[in-house]
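Throughout, read-outs are computed from the coordinates displayed, never taken from laboratory work. If you're wondering where the values come from, they're calculated on a predicted model, not measured in any experiment. So basically every Cβ, Gly included, is an ideal-geometry build from the backbone, and we count neighbours across all protein chains shown.
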Amino acid sequence: MNPPRVLVIEPDALLRTLVAEWLEQVGIHAVFPAGGPREAAATLGSVGAIVVDIPSPPHAESVLQAWRRVFPNAAIIAASARVPASDDADNAMAGRLAVNRVLAKPYSRHELYAALGIPARQE
C-alpha cells in the first residue's frame with residue numbers, strides 16, 4: 001500500500017522542504033505540483049490533502065477554487081502569514097475561503113499535523 005499523499009504548494013523552498021520532512025516523519029508522502037491544478041492532476045492522480053500558501057487571503061478564492069475543482073475530495077489547508085494566529089480567526093477565515101483549515105505562518109509541525117487530522121500518537 002502506498003503512503004497517503006499531500007500536495008504541498010509553497011513558494012519558499014526552505015519551508016517546502018521542512019513541511020515535506022514533517023510529513024515523511026509520520027508516513028505521509030509530500031508531492032509538489034509541476035504546474036497549475038490541471039497539470040498537477042494529470043501527473044499526480046489523487047491526493048488526500050493540499051497544503052497551499054495563500055499570500056493574500058482576500059484574493060485567494062479563485063486559486064483555491066481551481067485546486068478544489070481538480071481535487072474535489074482533498075482536504076485543503078490554506079497557510080498564510082497574513083492571518084492572525086488564533087483559533088477564532090483561523091475558523092472564520094476557513095469559512096470565508098471554503099477550506100478545511102487555515103494555518104497562520106509560521107506554524108509548527110504539531111499545528112500542521114492537527115490541521116491534517118494526524119493523531120497525536122503518530123507525532
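Observations, loosely collected:
- Within region 24-39, the residues that satisfy the criterion of being more than 15 Å from residue 76 (Cα to Cα) and among the aliphatic types (A, V, I, L, M) are 26, 28, 34.
- Set 62, 56: member being free of Cβ contacts under 8 Å to residues at least 12 places away in the same chain and more than 20 Å from residue 117 (Cβ to Cβ): 62
- Some residue of region 25-45 being in contact with a helix residue (DSSP H, G or I) (Cβ under 8 Å, 6 or more places away or on another chain) and over 23 Å from residue 4 (Cβ atoms): no
- Of the criteria (1) surrounded by 13 or more Cβ atoms within 10 Å (Cβ to Cβ); (2) under 20 Å from residue 13 (Cα atoms), which one residue 106 fails: (1)
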